[in-house]
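Remarks on the structure that follows.
The values are calculated or read from the model by the stated rules, or taken from the named source; none is laboratory data. These numbers were taken from a predicted model, which means no experiment stands behind them. Cβ: placed from backbone, ideal geometry, glycine included. Neighbour counts: every protein chain shown. With ligands, DNA and RNA removed, areas are computed over all heavy atoms of the protein, side chains included. Shrake-Rupley method; radii C 1.70, N 1.55, O 1.52, S 1.80 Å.
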Amino acid sequence: MTDIEHAVGDEAGAGREQAGTFSTEETPAREREFPQIGAVHPQAARDVEPEVSRETSEPQAEVSRETYDPLTVPRASDFGQAAGRFDDDSTPLARAAEHTLLARHGARMRPPMARPPATRVMVVANQKGGVGKTTSTVNLAAGLAQLGQRVLVVDLDPQGNASTALNVEHHRGVPSTYDLVVDGAALDEVMAPCPDLDGVFVVPATIDLAGAEIELVSVVARESRLLRALQAHHAIGTAEQAGEGRLDYVLIDCPPSLGLLTLNALVAGAEMMIPIQAEYYALEGLGQLLETVEMVRKHLNPRLAVTTILVTMYDARTRLAAGVADEVREHFGDRVLHTTIPRSVRVSEAPSYAQTVMTYDPGSPGALSYLEAAREIAQQGATA
Ligand code: ADP
Ligand code: MG
């Protein structure tokens, strides 16, 4: 049995395990490189995960072969003498620390990309739940910020998952999307900087937003509340209007429904991004989504266009995932980003530490893929 088969087989029996808890039974060879003594805090142990995920019973893609080149992860030796102290056969935790440090360092050294000539408002929508809308919104926001862009994330889902991942308070009473959309508060009053990511701002969602779908029904101009709020803000617009301090991107994380909140997003944005999960029923429901987009274009927002499709949770080892990706490409052509996001346990762990995977494990395949996807999006903007 190879290491991989072993790890997958192990996993199937073990079910969902805590991050950083290492099985003591029959340690596979890869793990033996990282012996653990005593209890290890999950955060400390997070960088010593074996290549194959241990968390789910499904076979996991190690990495997206299209996007991940382990050689691009910087090594201590890339940093010359200064990093020499890491070069000995040090402990696993020291090596894990080194990995994170160097990946972070690498993130900071990335050259900025050209800013778009005007704020791009992108709606991240798909009425299916669990396809990666929120994950993609927050990680692309972080990725774009690493590429020198200023990004606002509008959390339009009452669940507030994007707010959680971006480490912004969103308990009842915090100025939120509800105030913006239902009460007509100004964007400045409800926007908070993300504490961990320079250049990222968030309008958090509180549980109040759950009532908004119904409350909005009786509100004047109920489908264009978000549009008005964005239009009124001094940092949204062209370089001439909004200057150097302008926001380059507004990413709107939609709830999994086609109600008035999603409608507000579709009216407010010019671009729509649809995350599609690479699984069997991936394309189901897309027809209805595209019909809604057509209806919005006809009656409410002629600027709206589906510009970007992102294939998420891609398992490079299954033919099914490749088949779904092919079908998506057949349908949407070059609007599908070349980068696919691999299914990766790191990506799903990050929110429980109030982080994006971009800071939680910057050298992981998920983080590198989201960075690459952000680069493609910024590239679209430069040529738009
Ligand atoms: P949505 O916002 O469309 O409902 P989420 O972004 O919340 O979807 O993702 C649904 C679930 O899948 C979450 O638990 C998330 O952590 C997990 N997930 C998303 N992307 C990945 C990925 N690339 N690898 C593994 N798990 C993922
Ligand atoms: Mg979501």
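Please work out which one of (1) basic (Lys, Arg); (2) modelled with pLDDT of 95 or more; (3) closer than 22 Å to Thr340 by Cα is the condition Arg110 fails and give its number.
Answer for Arg110: the failing condition is (2).
From the list Thr177, Thr238, which one is touching a strand residue (DSSP E or B) at 6+ places or on another chain (Cβ under 9 Å) and loosely packed, with under 14 Cβ neighbours inside 10 Å?
Only one candidate passes the filter, namely Thr238.
Can you find, within region 239-263, the residue that is nearest to Pro116 (Cα to Cα) among those that are within 16 Å of ligand 2 (Cβ to nearest atom) and modelled with pLDDT of 95 or more?
In the first step, residues of region 239-263 are kept if they are within 16 Å of ligand 2 (Cβ to nearest atom); the result is 251-259, 261-262.
The next check asks that each one be modelled with pLDDT of 95 or more; those that pass are 251-256, 261-262.
Numbers: Leu251: 14, Ile252: 17, Asp253: 20, Cys254: 23, Pro255: 27, Pro256: 29, Leu261: 27, Thr262: 25 Å.
Here the residue is Leu251.
Hey, can you tell me all the residues within region 307-331 that are within 28 Å of Arg120 (Cα to Cα) and either crowded, with 16+ Cβ neighbours inside 10 Å or within 14 Å of ligand 1 (Cβ to nearest atom) (or both)?
Thr307, Thr308, Ile309, Leu310, Val311, Thr312, Met313, Tyr314, Ala325, Val328, listed by residue number.
If I go through region 124-155 residue by residue, how many of them are within 22 Å of Gly363 (Cβ to Cβ), open to solvent by 10 Å² or more (accessible area, probe 1.4 Å) and part of a helix (DSSP H, G or I)?
Within region 124-155, residues that are within 22 Å of Gly363 (Cβ to Cβ), open to solvent by 10 Å² or more (accessible area, probe 1.4 Å) and part of a helix (DSSP H, G or I) number 3.
Please tell me if Tyr353 is in contact with a strand residue (DSSP E or B) (Cβ under 7 Å, 6 or more places away or on another chain), open to solvent by 20 Å² or more (accessible area, probe 1.4 Å) and aromatic (Phe, Trp, Tyr).
Criteria not met by Tyr353.
Please state which of the following conditions Glu284 fails to meet, knowing it meets all the rest: (1) in a loop (DSSP other than H, G, I, E, B); (2) surrounded by 24 or more Cβ atoms within 10 Å (Cβ to Cβ).
Among (1) in a loop (DSSP other than H, G, I, E, B); (2) surrounded by 24 or more Cβ atoms within 10 Å (Cβ to Cβ), the lone unmet condition for Glu284 is (2).
Which members of region 362-384 meet the condition of being out of contact with any Pro (no Cβ under 6 Å at 6 or more places or on another chain), at pLDDT below 95 and not hydroxyl-bearing (Ser, Thr, Tyr)?
Pro362, Gly363, Gln379, Gln380, Ala382, Ala384
Go through region 200-223 and give me each residue that's assigned to a loop (DSSP other than H, G, I, E, B) and open to solvent by 20 Å² or more (accessible area, probe 1.4 Å).
Val219, Val220, Ala221, Arg222, Glu223, listed by residue number.
Report yes if Ser369 is open to solvent by less than 60 Å² (accessible area, probe 1.4 Å), farther than 25 Å from Pro256 by Cα and within 16 Å of ligand 1 (Cβ to nearest atom), otherwise no.
Judged against the criteria, Ser369 is not a match.
Hand me the list of helices (runs of 4 or more DSSP H) wholly inside region 298-384 holding 2 or more residues that are away from ligand 2 (no atom under 16 Å from the Cβ), farther than 22 Å from Gly129 by Cβ and under 13 Å from the mean Cα position of the chain (by Cα).
On the way: elements: 319-332, 345-349, 357-360, 365-383.
Hits in region 298-384: 357-360, 365-383.
Hey, among Leu258, Leu263, which residue is part of a loop (DSSP other than H, G, I, E, B) and of a type in the set (A, V, I, L, M)?
The match here is Leu258.
Can you name the residue in region 126-165 that is among the hydrophobic types (A, V, I, L, M, F, W, C) and more than 19 Å from Gln380 (Cβ to Cβ) and is also farthest from ligand 2 (Cβ to nearest atom) among such residues?
By that ranking, first place goes to Val154.
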